[in-house]
Every structure is written in structure tokens, then in C-alpha cells.
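Bear in mind that the values in this text are calculations on the coordinates, not laboratory data. Computed from a predicted model, the values in this text were never measured in an experiment. All Cβ positions, even for glycine, are placed from backbone atoms using ideal geometry, and neighbour counts span all protein chains on display.
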Amino acid sequence: MAAMTDYPDVGLYIGGSWRTTADDLPVVNPANEQIIGRLARAGQQDLDDAVEAASKGFEVWSQTAPKDRAEVLRTAAALMRERQAEIAHDITLELGKPYPQAKLEVIRGCEFFEWDAGEAVRTYGRVIPSAPGINYIVHQQPIGPVAAFSPWNFPMSQPARKVAGAVAAGCSVILKPAEETPAGAMHIVRAFHDAGLPPGVLNLVCGVPSEISEHLIPHETIRLVAFTGSTAVGRHLTGLASDHMTPVLMELGGHAPVIVCEDVDVRAAAVTSAVRKMRNAGQVCTSPTRFFVHDSIYREFLGTFTERAAATVVGDPMDPGVEMGPLANDRRLAAMIEFVADARDKGAEVTTGGSRIGVSGYFFEPTVLADVPDDARVMQVEPFGPLAIVNRVGSLDEAIERANSVPFGLAAYGFTNRADYIDRMVERVETGNLSINTLEASVPETPFGGVKSSGYGREGGVEGLHNYMVVKNVSHSISIV
Ligand code: NAD
């Protein structure tokens with residue numbers, strides 16, 4: 001074990017107890033490329049044990065009263081609030097997210113648990129009247145053991161969303177966090193353990209993603225696959241699940257358009273956008289990326305956006321005042337370099353940034369590309385990094401057409417005060433989440449998810465538990481007919 005910091009080693013949690021494995025994998029600090037900890041690598045026997053534990057956990061939890069489930073969710077969330085500083089510290093080390101942002105993420109994760117605790121007691125069915133002497137009663141019941149796969153960009157709030165929905169609905173879960181950032185999931189498991197969740201309801205497995213998904217998804221015990229990550233992997237997992245008629249909840253890539261109309265406060269829209277773009281170094285599925293700005297305000301918007309992006313304080317994510325840390329891994333760094341080179345070749349202007357910073361750590365400059373031609377790769381592929389595209393358009397209709405020109409539809413944004421423009425965006429922008437004059441795409445009480453290749457199903461809101469439940473209709477005749 002090579003941990004040089006107080007970052008925790010992450011084991012497996014199966015059937016209510018922790019275990020280590022003979023094999024493990026390193027966890028790397030992206031700010032300095034040092035190994036900070038080890039991650040257990042689940043073998044086939046561990047995975048079989050997790051499935052058996054989840055099966056037993058489901059028997060217990062699905063028979064637990066919703067108000068008692070809600071109580072465990074609330075207690076676990078309260079423990080995570082108490083442990084906010086420790087959890088945020090670990091997230092900052094493994095992901096490179098500035099510490100204040102990591103602290104906010106911990107609270108957001110707690111809010112998911114608290115929201116779903118409230119929803120747990122409201123999973124109502126209904127009675128459908130028919131002829132006298134017969135009733136049709138619709139029950140909502142937990143779907144069964146869930147295999148949940150969470151990504152590296154929100155190590156706490158992403159697994160929180162899945163665990164909150166599943167546990168509130170009465171399901172058991174086998175959670176696989178991203179191998180780069182397992183600490184948030186580990187802290188969630190610790191909190192639920194301490195809150196008294198029965199053994200087997202929540203299990204944590206880590207290791208090689210394909211080994212885990214290919215073992216768990218075909219298993220007949222698993223009744224739902226919940227995944228957040230790239231469209232390519234989501235498609236692969238959906239294929240595996242469909243071979244077994246197992247339903248999926250898929251939260252996949254975005255490539256969010258931002259339509260900036262001519263009637264707005266240009267400076268306010270540009271500053272807000274540049275700050276938001278660099279949050280989590282742009283590694284956010286709802287990150288505002290493709291800006292379509294009306295010709296009449298284009299130069300002013302681009303100038304202010306560029307100025308604010310260039311002023312982003314980049315550095316050690318533990319240092320106070322730092323707004324942006326490194327990228328999460330070397331794959332993202334390589335991708336940014338490639339996107340910029342390709343866009344330049346195709347004729348885009350780089351108004352700020354475009355290069356790696358230093359030689360140690362995966363730091364990349366906040367980058368703005370202007371007048372990017374449609375054949376540049378970054379116009380089609382989500383950059384998932386600190387890179388914004390600012391292009392000009394002549395009308396709202398043109399902006400909407402270009403917003404809809406990619407296969408994704410997760411988040412979209414508009415800046416305008418005109419009711420007719422808002423109506424047109426609501427009607428025609430292909431997206432699961434549309435935000436006007438704000439770059440917040442979702443909160444725990446609203447449904448979040450995509451259309452087109454951005455996936456299906458919703459997390460959060462009253463819709464959030466529906467994925468984790470099945471509907472059973474009962475026909476009840478008073479006498480035998
Ligand atoms: P990736 O698709 O390789 O990995 C994303 C997640 O999927 C990781 O947690 C990984 O562990 C998991 N994964 C990969 N292969 C898997 C498999 N066979 N079975 C189960 N899980 C598997 O992507 P990446 O290189 O980490 O990031 C690249 C792209 O992924 C980004 O450009 C972005 O578009 C997308 N991404 C999206 C989100 C999101 O919030 N929607 C989060 C992270 C990454």
C-alpha cells in the first residue's frame with residue numbers, strides 16, 4: 001500500500017462488511033500525478049458474493065416500511081453533512097476539483113438523499129373504478145436489485161443520485177464507482193453502514209469496469225442497470241442489458257448549446273457563462289459549450305467571455321481562491337490538445353488558452369474557440385473540458401437549428417427576456433433540460449435526463465423513483481366470476 005497522503009484505501013463492501021483483495025489498482029492525484037491510494041479489484045467470486053448479498057438485501061429492504069427507509073436515508077445524509085470536510089478533501093485529491101466546489105458537491109449529494117427520503121413515502125398507487133363488485137388496484141413496487149455505475153466527474157453526487165433513488169424505492173444496489181474517483185462512493189457506503197442500513201442493501205464493488213459490468217448485467221438477479229458516463233459505454237451496457245430484457249437508466253453525454261439573444265445584458269451573460277464553463281474544469285455533462293450568439297452582440301460577448309475565461313484562477317485545487325484545478329486524467333488532457341489542434345486546422349480562432357500548463361499534473365488553459373466551422377471535431381464531439389465554442393448566428397431560428405444539429409440533448413440554455421423567444425425555445429430545442437437566464441440545469445426536486453443519444457430515464461424530481469419501481473395491476477373481484 002503506497003498511500004502518501006491521508007487519502008483512504010478503498011475496499012469492497014459486500015453483505016455489510018468491508019473486504020480487501022489480493023489485486024488492486026492505483027488512485028492518482030491529477031494535480032501532481034502521484035499515487036495517493038489503492039483501490040480493491042473485485043474478482044469473479046467477489047461479484048457473485050455481491051449479487052447474493054443484493055438478493056438477500058432486497059428481500060429485507062423491499063419489506064421495510066417506506067417511513068423506515070426514509071429514516072435511514074435521512075440519518076445517512078446527516079452523517080455525510082457532518083463529514084463534509086473529510087469527504088470534500090478526498091474528492092479534491094482524487095479528482096482535482098477545487099476544495100470549495102467539492103464541499104458544495106457533498107451537500108448536493110446529501111440533498112439527493114433528503115429529497116428521495118421525502119419521496120419514499122409518496123410512491124402512491126391508485127384504484128381504478130370499474131363495474132360494481134370489481135376493483136383495479138395499481139401498485140408501485142421496487143424493481144429489484146440494481147447494478148449502478150457512476151462516473152468520475154462527480155464522485156459524490158453522481159453515486160448519490162442512484163443510491164438515493166434505489167434505496168428510497170426499496171431496491172438493493174451493487175454500486176461500481178469510477179476507478180479514478182472511488183472515495184465519494186466509499187463515504188456514502190460508510191454513512192449508510194453507520195446509519196444502520198441492513199446488510200446487502202448497498203454493496204460496493206470496484207476494479208476493472210468491463211469485468212464488473214459483463215459479470216453483473218447478464219445476471220438474472222439484476223433487474224435494472226443504471227449508468228452515467230459516455231454515450232459509447234452507455235450503448236455497450238444497454239446492449240448487454242437488452243440481451244436479458246433488463247431495463248436501463250442511462251444518463252449519457254451532452255454537448256450543451258447556449259443561445260444568446262440580442263436583447264440581453266451582454267456582459268452579465270458572458271461573465272456568468274465563462275465562470276460556469278470552467279466549473280469542474282468543464283467536465284460536466286451539462287457544461288455550457290456551444291454558444292450561438294446573435295451577430296449584433298457577438299463581438300462584445302466574445303470579448304467579455306474571453307477576458308473572464310482568461311482570468312480564471314488555475315492552480316492547486318487545495319489552495320483557497322483557485323477556481324479551476326487540473327483535468328481528471330491524462331485522457332482528457334490528450335483530448336483537449338487534439339480538439340484545439342483540429343479546430344485551428346479547420347480555421348477556428350483561439351481567443352484564449354489552447355495549451356497544457358506545466359509538465360506535471362493534467363492542467364490545461366481555459367480555452368475559447370471562436371468562429372468554429374461545423375466540420376471541426378469539437379462541434380460534434382462533447383469536449384468535456386475547459387473549452388468553449390463561441391459562434392455567431394443571424395437569428396433565433398438559425399440558433400435553434402444549430403443547437404439541434406448534434407445527436408445529443410441533455411441540457412440547453414437560453415439568454416433572453418422575450419416571451420416569444422422563450423416559447424420558441426421551449427417548443428423546438430431538443431433537450432431534456434432547458435434553462436433560461438440561468439446555467440443551473442437541475443436541482444434534486446426536478447427531473448434530470450436526456451433525449452436522443454443523451455440517454456433515457458430521469459433522476460430526481462417525482463419522476464426519479466419511477467425507474468426503480470415496477471407497476472403491478474391487481475384486478476380484484478368481490479365474488480368469483
Ligand atoms: P468512459 O466512457 O470510458 O468512462 C466513463 C465511465 O464509464 C467511467 O466511470 C468508467 O469506469 C465507466 N466504464 C467504462 N467502460 C465501462 C464498462 N465496460 N462497463 C462499465 N463501466 C464502464 O469515458 P472517459 O474516458 O472516462 O470519459 C470520456 C467521456 O465520457 C467524456 O468525454 C464524456 O463525454 C463522458 N462522460 C460523461 C459523464 C456524464 O456525466 N454524463 C461523466 C464522465 C464521462
Checklist entry - Spin-label point model (7 Å from Cα, Cβ direction): what's the I357 to H244 distance in nm? => result 4.4 nm
Item to check | Average projected area [Cα convex hull, the chain], square nanometres | outcome: 24.5 nm²
Checklist outcome for this item: With -39,500 (n - 2.57) per DSSP H segment of 4 or more residues and division by the full residue count of the chain, the 222 nm estimate, nearest 500 deg cm²/dmol, is -11500 deg cm²/dmol
Checklist entry - Any idea how far apart S130 and Q63 come out in nm if each label point goes 7 Å out from Cα toward Cβ? => result 3.0 nm
Next on the checklist: Using a Förster radius of 22 Å, what is the FRET efficiency between E401 and S296 based on their Cβ-Cβ separation? Nearest 0.05, please.
Outcome noted: 0.75
Checklist outcome for this item: Counting only residues 5 or more apart in sequence or on a different chain, those whose built amide H sits under 5 Å from that of L249 are V225, A226, F227
Item to check | Selection from Q34, N417, H255 lying farthest towards where the dipole of the chain points positive, charges on Cβ | outcome: N417
Checklist entry - Given charges of +1 on the Cβ of Lys and Arg and -1 on the Cβ of Asp and Glu, with all other atoms neutral, how large is the dipole of segment 280-331 about its Cα centre, in debye to the nearest 20? => result 220 debye
Checklist outcome for this item: Any residue on another chain or 5+ positions along whose placed amide H is under 5 Å from the amide H of V451 is listed here as G409, L410, G432
Checklist entry - What spacing in nm lies between the two simple spin-label points modelled at E71 and V451, each 7 Å away from Cα in the Cβ direction? => result 4.4 nm
Next on the checklist: Normalised by the empirical 2.2 N^0.38 Å for globular proteins, what value does the Cα Rg of segment 126-275 take?
Outcome noted: 1.37
Item to check | For segment 96-150, radius of gyration divided by Kirkwood radius, i.e. Rg to Rh on alpha-carbons | outcome: 1.28
Checklist outcome for this item: Residues T431, T181 in order from fewest to most other beta-carbon atoms within 10 Å are T431, T181
Next on the checklist: Based on alpha-carbon centroids, what's the gap between segment 105-183 and segment 194-236 in Å, whole number please?
Outcome noted: 14 Å
Checklist entry - By the scheme Lys and Arg +1, Asp and Glu -1, what is the net charge of all other residues having a beta-carbon under 12 Å from that of G394? => result -3
Checklist outcome for this item: The helix 298-310 Cα axis meets the longest alpha-carbon principal axis of the chain at an angle in degrees, between 0 and 90 and rounded to 10, of 70 degrees
Checklist entry - Taking the Cα centre of the chain as the origin and placing charges on Cβ (Lys, Arg +1; Asp, Glu -1), which of S17, S435, A78 is farthest toward the positive end of the dipole? => result A78
Checklist entry - Full extension from S475 to E211: what is 0.36 nm times the residue separation minus their Cα-Cα distance, to one decimal in nm? => result 90.7 nm
Next on the checklist: From Cα pairs below 8 angstrom and at least 6 apart in sequence, can you work out the relative contact order of segment 395-463, rounded to a whole percent?
Outcome noted: 31 percent
Checklist entry - Quick one: Karplus J couplings for segment 215-222, per residue in order, coefficients 6.51, -1.76, 1.60, θ = phi - 60°, nearest Hz, x for Gly and Pro? => result 7, 7, 4, x, 5, 5, 5, 6
Checklist entry - For segment 433-481, what's the relative contact order in percent, using C-alpha pairs closer than 8 Å and at least 6 residues apart? => result 23 percent
Next on the checklist: Could you tell me what a quarter of the Cα convex hull surface of segment 1-127 works out to, in nm² with one decimal place?
Outcome noted: 10.0 nm²
Checklist entry - Going through segment 411-464, which GluC sites (Glu not before Pro) have at most 12 other Cβ atoms within 10 Å and a DSSP loop state? => result E440
Checklist outcome for this item: For the chain, the longest principal axis of the Cα atoms and the Cα long axis of helix 330-346 enclose an angle in degrees, to the nearest 10, of 40 degrees
Checklist entry - Hey, what angle do you get for helix 231-242 against the long axis of the chain, alpha-carbon based, 0 to 90 degrees rounded to 10? => result 20 degrees
Checklist entry - Computed FRET efficiency, Cβ-Cβ of E338 and H236, R0 35 Å: what is it to the nearest 0.05? => result 0.95
Item to check | Neighbourhood net charge (12 Å Cβ-Cβ; Lys/Arg +1, Asp/Glu -1) for T75 | outcome: -2
Next on the checklist: Sequence gap at least 6, Cα distance under 8 Å: using those rules, report the relative contact order of the chain to the nearest whole percent.
Outcome noted: 18 percent
Next on the checklist: Please give me, ordered by residue number, the GluC sites (Glu not before Pro) of segment 160-226 that lie in loop per DSSP and have at most 12 other Cβ atoms within 10 Å.
Outcome noted: E220
Checklist entry - Using a Förster distance of 41 Å, how high is the FRET efficiency between I35 and E262, based on the Cβ-Cβ distance and rounded to 0.05? => result 0.20
Item to check | the chain - charge dipole about Cα centre, Lys and Arg +1 at Cβ, Asp and Glu -1, debye rounded to 20 | outcome: 760 debye
